[in-house]
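Below: one structure, written as structure tokens.
The values are calculated or read from the model by the stated rules, or taken from the named source; none is laboratory data. All values reported here derive from a predicted model rather than from experimental measurement. FYI the Cβ positions are ideal-geometry reconstructions off the backbone, even for glycines, and counts take in every protein chain you see.
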Amino acid sequence: MASKSQKTVDFESAMAELEQIVADMEAGKLSLEDSLAAYKRGAELLSFCRGRLEDAQQQVSVLENGVLKDFPATGETGQAAPTKPLVLSGVEGSGQG
């Protein structure tokens, strides 16, 4: 199992593999040995995904400190909401509500 997918190409494929591992473990489809291997692979994938998210957050910070810093958040000329520039960690929701 672990040898088949040791090479992770991108964040999305890592997340998909991690979700499949979790589903298999929750369904009880794996033997004890396979569960241990899956847990180890899942930990590797989790570490990879966290690293990619941290990289993305750093890139957003660079943009906020440069290009996007001068862009008004609400269309007003100054003291608009500077606390909500761009959030990557809550991508699931639409932001309405």
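Summary table
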{"item": "Residue satisfying condition, being of a type in the set (S, T, Y), modelled with pLDDT of 90 or more and part of a helix (DSSP H, G or I), within set S61, S47", "result": "S47"}
{"item": "K4 being modelled with pLDDT under 95 and either loosely packed, with under 12 Cβ neighbours inside 10 Å or part of a helix (DSSP H, G or I) (or both)", "result": "yes"}
